[in-house]
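Read through the structure below, which is laid out as structure tokens, and then see the notes.
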Amino acid sequence: MLKIAKVRYALFIKMGIKLTLIIIDQSLSFSKIYEKLVYNRLSQYVEKFCILNDCQFGFRTNRSTSMAVLEITDKINEAIENNQFSIGVFVDLSRAFDILNHNILLNKLYYYGIRGVECMV
């Protein structure tokens, strides 16, 4: 796919004996800043209204995959101590957004109060 960008800055940097051209794409910089702003606002909203389940660890402040591993390890150890069975089903959803029906996603966002209008959090 061909990408057309508005080039705002072009820098020549001397690296050793070679002169390297670095092009800074203005639209890329703006999109990254905008993405960060939207992420911050959305995560504040989600945390404030407790929309996500406590078992959701990815992309949340003060939570990590390491914490998820610790939690599942604790649950397995607890099951072993109580002579119970434990089962784990692990699903890789990394490509899920690519095949997601966007109308369903927009309806879910609307249901949770995210309507594309400004909201003070």
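The values are calculated or read from the model by the stated rules, or taken from the named source; none is laboratory data. Just so it is clear, the structure is predicted and the values come from calculations on it, not from any experiment. When the accessible area is computed, the model is the full protein with side chains, heavy atoms only, and any ligands, DNA or RNA have been set aside. Shrake-Rupley method; radii C 1.70, N 1.55, O 1.52, S 1.80 Å.
Using the Kirkwood radius built from alpha carbon pairs, what does the Stokes-Einstein equation give as D for region 53-121 at 10 °C and 1.306 mPa s, in µm² per second? Calculated translational D: 102 µm²/s. As a fraction of the 1.4 Å probe accessible area of region 37-121, surface on carbon and sulfur atoms comes out at 59 percent. Extension gain for residue 35 to residue 111 (0.36 nm times residue separation, less C-alpha to C-alpha distance): 25.2 nm.
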